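Notes for the one structure printed next.
The values are calculated or read from the model by the stated rules, or taken from the named source; none is laboratory data. If you're wondering where the values come from, they're calculated on a predicted model, not measured in any experiment. Because the Cβ atoms are built from the backbone with ideal geometry, glycine has one as well, and the counts that use them run over all protein chains shown. Ligands, DNA and RNA are stripped out before the accessible areas are found, and what is left, the full protein with its side chains, is counted by its heavy atoms. Shrake-Rupley method; radii C 1.70, N 1.55, O 1.52, S 1.80 Å.
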Amino acid sequence: MILAIESSCDETAAAIIIDGQIISNECITQIKRHSKYGGVVPELASRLHAECIDTVIDIALKNAKASFKDIDHIAVTVGPGLEGSLLVGVVAANMLASQLKCPVIPVNHLHGHIYSAMADYSYECPMLACIASGGHTMLVYLKDSLSFEIVANTMDDACGECFDKVARMLGLNYPGGPFIEKAALEGNININLPHPVKHDSDKFSFSGLKTAVFDLVKRYETVPVHDISASFQDHVGQILLHKIQQSLDQYSCKQLLLCGGVFSNKHIRKVLMDNVSGVDVIIPELSLCTDNAAMIGLAATQYLKSFKELPTFVDVQTRLGLKLPKELCNGV
Ligand code: KG4
Ligand code: ZN
């Protein structure tokens, strides 16, 4: 049994995973506390994690009808994410592990997104994974399980961040994605937007798109919020589709995985499901697209299967070329 803990941004989350199955998956979201500031306030986030982490772990255990003594491993996100927020999860994991005398498995948050559909689908490599979240937009080629090659990355903003900023320009709430999706239901796709770095298969860029919406909004006395939302959301879907298709033409893949918060958008899911050709498309259920602890437990399950020995912080840090501050993970 794995107790998984996720606290990299604004969700305090814990889950119980047994043999790759999600037994419980609980989350205390901080969204309401940050929304009046229009984005996540890092200091507030870490304080709220510290307040809620015990409770969310208790709920995850209770809903799994389990107790502390049943836990074999504790999996915890070690990055990337907000340093203070990560620290709360890592300290909680280390404290519990020292009491329960069980090992801690450090997990890369992006691996969590990549393995988020693992309980419902069997993965077949080679596979292309598209991560589109508030902090990342990348295409990752998995030649084999746990063998990652970044084939496209954003040069500037992340896709979800662009949703959040555009929503703010339109007077919509934080986080922008779900509010733009709702506003788009009453809008038409009738506004042209730019497609930056269209011909570079290894790059995404979203800051110019953000500026284009900013300039557009200034032109109106009454801003057509619904039409801009519908056009923007569809346009992001087309950008992701174009870049994914470019990579699929270069890399032969059996499956395409779509993961991260942006793929909880039903219109974007449909654009990709209807138009990507030549591969099986896998998308996690909605609750597993945005940050959650189950995905961290699923990635840890994958580590346990693939690593001969328990993974160390260094193993996890070196995957995807990520450099995480060492002091975050003392003792892990
Ligand atoms: O994966 P996630 O929960 O956290 C990160 O790892 O960043 O992604 C959060 C991002 C936010 O920027 C949010 O606006 C976006 O995902 N998002 C959406 C939707 N729901 C969340 N974007 C578009 N449509 C949605 N329905
Ligand atoms: Zn995430």
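Summary of values
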| quantity | calculated |
| --- | --- |
| Long-range Cα-Cα pairs in the chain (distance over 37 Å), rounded percent | 16 percent |
| Rule-of-thumb Rg ratio for the stretch 83-190 [Cα; 2.2 N^0.38 Å; N residues] | 1.40 |
| Estimated inter-spin distance, residue 121 and residue 63, nm [label 7 Å along Cα→Cβ] | 2.3 nm |
| Sulfur and carbon atoms: percent of accessible area, the stretch 1-128 [1.4 Å] | 54 percent |
| Surface share of carbon and sulfur [accessible, 1.4 angstrom probe, percent] for the stretch 171-238 | 49 percent |
| Trypsin sites (Lys or Arg not before Pro) within the stretch 1-76, DSSP loop, no more than 12 other Cβ atoms inside 10 Å | 36, 65 |
| Full-extension gain in nm, residue 182 to residue 21, via 0.36 nm per residue minus C-alpha separation | 54.8 nm |
| Cross-link partners of residue 254 among aspartates and glutamates (Cα-Cα below 14 Å; sequence separation of 8 or more within a chain) | 124, 144, 280 |
| Residue with peak Gaussian network fluctuation, the chain [Cα springs, cutoff 10 Å], from 265, 292, 25 | 265 |
| Rounded accessible area per residue of the stretch 240-313, 1.4 Å, Å² | 40 Å² |
| Partner lysines for residue 36 [C-alpha distance under 27 Å; skip if fewer than 8 residues away on the same chain] | 165, 182, 210, 218, 266 |
| 1.4 Å probe accessible area per residue over the stretch 1-148, in Å² | 40 Å² |
| Segment residue 214-residue 250, extension gain: residue separation times 0.36 nm, minus the distance between their alpha carbons | 9.5 nm |
| Centre separation in Å (Cα based) which lies between the stretch 51-72 and the stretch 266-283 | 36 Å |
| Local electrostatic count, residue 238, Cβ distance below 13 Å [Lys/Arg +1, Asp/Glu -1] | +1 |
| FRET efficiency, 1/(1 + (r/R0)^6) with R0 45 Å, evaluated for residue 83 and residue 277 via beta carbons | 0.60 |
| Selection of GluC sites (Glu not before Pro), the stretch 171-264, meeting DSSP coil and at most 12 other Cβ within 10 Å | 186, 221 |
| Beta bridges per DSSP with both ends in the chain, % antiparallel, nearest 5 | 55 percent |
| Viscosity 1.002 mPa s, 20 °C: Kirkwood-radius Stokes-Einstein D of the stretch 160-237 over Cα pairs, µm²/s | 171 µm²/s |
| At R0 = 30 Å, FRET efficiency that the Cβ-Cβ distance of residue 203 and residue 143 yields, to 0.05 | 0.90 |
| Phi to ³J(HN,Hα) by Karplus 6.51 cos²θ - 1.76 cosθ + 1.60 over the stretch 123-139, Hz, x for Gly, Pro | 7, 10, 8, x, 9, 10, 10, 10, 9, 10, 9, x, x, 9, 9, 8, 10 |
| Rg(Cα) / (2.2 N^0.38 Å) computed for the stretch 1-81, rounded to two decimals | 1.14 |
| Cα-projected label distance for residue 195 with residue 43, points at 7 Å along beta-carbon direction, nm | 4.5 nm |
| Net lengthening on full extension, residue 308/residue 35 (0.36 nm per residue, minus Cα-Cα) | 93.9 nm |
